[in-house]
Amino acid sequence: MATDLHLAGLSSSVPGALDLTMEFDRVLVTAADRPSTDSLPALPDPAADHGDATLQRRRDDVEEKHQRIREFLVATGHDAVVLGLTESVAWFTSGGDLGQDLGSGLSSILLFINPGCRAVIADNVQSSRVFEEELAGLGFQLKERPWYDDPFQVVAELSHNKRVATDLGGIACSQGRRETDALRGLRRRLTALERQRLRELGRTLSVAVEATCRNFDRGEREADVAGHLAHRLLREGVVPVDLRVASDDRLARFRQPTFKASPILRRATIAVTGRRHGLCASMTRTVSFGPIDREYKANHALATMVDATCIFFSRPNEPVAEVFRRARRIYEKFDHPHEWTLDYQGSLIGYSPREVLLRPETNLVLEPQMALAWSPSVGAARTEDTVVIDSRGYEVVTAPQNWPQLDVAVKGFVIPRPGVLER
C-alpha cells in the first residue's frame, strides 16, 4: 500500500532569545555561546563512600550489563568473556573513558568477566587513573601488571582450562574464541541510564550545531566551521568522532565528504557524530545564506519525506527490510528510484557510530530501546537525526531546539523534521 505523504507546512517561527535571568540552563549557555562557568562534571572522589545516587545508578547499570554477560555465557557454554575494544569496555563500565587515545579502537585495559566477578587487567601506568577517575565504586577487581609485561599472559592465566569468548582478534584469539558480533548484540538495547545519557547528548549536539550554523560568516572555510563546532563540543565533554562540513553543492558530488579548505558562499551542510560516556549520537543540519533555490528545496523535501517514513515505520518487531521497502517506494514515487543507492541510508547507533549498517535485504528485526540514525540524501540535500524506539513510538534525541521545521504527514501522523536555516 502506498504511503500517504505530503508536506503539511513549513514553520519558520523560532523561540525567543535566551533569558539569562531564568533558571540556569547549562547546555544552552555552554554549548551555544562562550561558557561563563565550568560545565564538565566533577571527578568522583575515590576516598568518599559510594552511596550517592548518581554513582548508584551507574553501578546498577554495570550490574545489568553483567547479567547480560551471564545470560550470554549460559546460552553459549562459555566460562568467561574478555573485552578489549574501547566501545565494548565503555559499554560494560557504563561510560568509562578508557581508550588508548582519543580515537583508538583498542582500550587501555582489558576486562575479564565471569559469572561471579569482573576484573580489570591494567598496567601500573593506567591502574591508578582507572580506579580513581573511571571505575571508583563500581565493583571491579584489579589484576595489575608491569607496563612492560604482556597483558595477554594475564589473560592466559585467568583463562586456563576455560572456554572464553572475546571481542578481540589477533593474539587475543589464542586465548579465546572471537565473538565480536554476538557480544556487540548484547548492547543493542539501551538501559534506562543509557537512554537518559543519549537524550542529554542529543540535546547538547543539537544546541552546539545550531549555534555554529547561526554564527559563522559567509566565506569562511569548511575547516573553520568544523573547528567552531569541535570547540563547542569538546568543552562539553563530547568528542566529535565524525565531523563533516560540505559547502554549496559539494554534497551532491561526494555523499560522505570530509571538511576541506573550500569557502562557504551559499550553503553549508554539517553532519556530526558526537560521543560522551561512550555513547554516540548523529545529526545533520543545513544553513543557507539567503533563500534556497527551487531544485534544492525539492530535493530537501524528498529527503525529509524518506526520513519521516523511515522514522514512522521504525517500530519494535518491524523488519528493517520492510522499512527499506517503504523508503524506496517514496524515492520511486517522486522520480528518484536509484537515489538510495548513492549513499548510506542509516544505521543502528550506540557505543559505535555504526553498530549495524542498515541494508535493504538485511534480516535484522528492530527491538525496543534501539537507537537508529536514518540519513537519506537527495542530490545536495541530506537530513538525519538520532531516534530511540520503544513500544510507545519514537523519541528524537537530537530534536531541533531553535530551528525551522518541516511538518511531514505519514499515514495522517505529522512528523516534524528539520528545515533549512536561512540567514
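Any residue that is of a type in the set (Gly, Ala, Ser), in the same structural domain as Leu251 (by TED's automatic domain parsing) and surrounded by fewer than 18 Cβ atoms within 10 Å (Cβ to Cβ) - is there at least one of those in the range 375-391? So far as the range 375-391 goes, yes, one or more of its residues are of a type in the set (Gly, Ala, Ser), in the same structural domain as Leu251 (by TED's automatic domain parsing) and surrounded by fewer than 18 Cβ atoms within 10 Å (Cβ to Cβ). Looking at Ala165, is it assigned by TED's automatic domain parsing to the domain that holds Asp101, over 19 Å from Ser352 (Cα atoms), modelled with pLDDT under 90 and touching a helix residue (DSSP H, G or I) at 6+ places or on another chain (Cβ under 9 Å)? Judged against the criteria, Ala165 is not a match. The residue list Arg244, Arg235, Arg187, Arg197 contains one member that is in contact with a His (Cβ under 7 Å, 6 or more places away or on another chain) and under 22 Å from Thr386 (Cα atoms), which is Arg197. Entry remark, the range 107-137: residues being under 15 Å from Leu83 (Cβ atoms) and either assigned by TED's automatic domain parsing to the domain that holds Leu234 or out of contact with any Leu (no Cβ under 8 Å at 6 or more places or on another chain) (or both) number 2 in total. From the list Ala230, Ala156, Ala192, the one residue that fits, being within 28 Å of Gly290 (Cα to Cα) and of a type in the set (Gly, Ala, Ser), is Ala230. Being under 17 Å from the mean Cα position of the chain (by Cα), basic (Lys, Arg) and surrounded by fewer than 23 Cβ atoms within 10 Å (Cβ to Cβ) is a condition met by no residue of the range 314-327.
Results for (1) free of Cβ contacts under 8 Å to residues at least 24 places away in the same chain; (2) among the charged types (D, E, K, R), shown as yes or no for each residue.
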{"residue": "His277", "(1), (2)": "no, no"}
{"residue": "Ala303", "(1), (2)": "no, no"}
{"residue": "Arg315", "(1), (2)": "no, yes"}
{"residue": "Ala327", "(1), (2)": "no, no"}
{"residue": "Arg354", "(1), (2)": "yes, yes"}
{"residue": "Thr362", "(1), (2)": "no, no"}
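Scanning the range 231-238 for residues that are surrounded by fewer than 17 Cβ atoms within 10 Å (Cβ to Cβ) and either out of contact with any Pro (no Cβ under 8 Å at 6 or more places or on another chain) or without any contact (Cβ under 8 Å) to a residue 40 or more places away in the chain (or both) turns up at least one hit. Scanning the range 345-363 for residues that are surrounded by fewer than 17 Cβ atoms within 10 Å (Cβ to Cβ) and outside any strand (DSSP E or B) gives Arg359, Pro360, Glu361, Thr362, Asn363. Scanning the range 86-106 turns up no residue that is over 24 Å from Gly237 (Cβ atoms) and either surrounded by fewer than 20 Cβ atoms within 10 Å (Cβ to Cβ) or assigned by TED's automatic domain parsing to the domain that holds Gly176 (or both).
Residues in the range 112-124 include none that are of a type in the set (Val, Ile, Thr), under 23 Å from the mean Cα position of the chain (by Cα) and surrounded by 20 or more Cβ atoms within 10 Å (Cβ to Cβ).
Yes or no: Glu322 charged (D, E, K, R), free of Cβ contacts under 8 Å to residues at least 60 places away in the same chain, over 22 Å from Arg214 (Cβ atoms) and touching a strand residue (DSSP E or B) at 6+ places or on another chain (Cβ under 8 Å)? For Glu322, the condition - charged (D, E, K, R), free of Cβ contacts under 8 Å to residues at least 60 places away in the same chain, over 22 Å from Arg214 (Cβ atoms) and touching a strand residue (DSSP E or B) at 6+ places or on another chain (Cβ under 8 Å) - is not met. Looking at Val81, Val62, just one residue is modelled with pLDDT of 95 or more and part of a strand (DSSP E or B), and that residue is Val81. For beta carbons closer than 6 Å, sequence separation of 6+ or different chains, a first residue in the range 397-418 that is surrounded by 18 or more Cβ atoms within 10 Å (Cβ to Cβ) and a second that is assigned to a loop (DSSP other than H, G, I, E, B), the qualifying pairs are Gln405/Gly419; Leu406/Gly419; Pro418/Pro400; Pro418/Trp403.
Of the residues Pro337, Pro368, which single one is within 28 Å of Leu193 (Cα to Cα), at pLDDT 95 or above and not in a helix (DSSP H, G or I)? Sole residue among the options that is within 28 Å of Leu193 (Cα to Cα), at pLDDT 95 or above and not in a helix (DSSP H, G or I): Pro368.
The values are calculated or read from the model by the stated rules, or taken from the named source; none is laboratory data. This is a predicted model, so every value here is computed, not measured. Note that we place each Cβ from the backbone using ideal geometry, even for glycine, and neighbour counts take in every protein chain shown.
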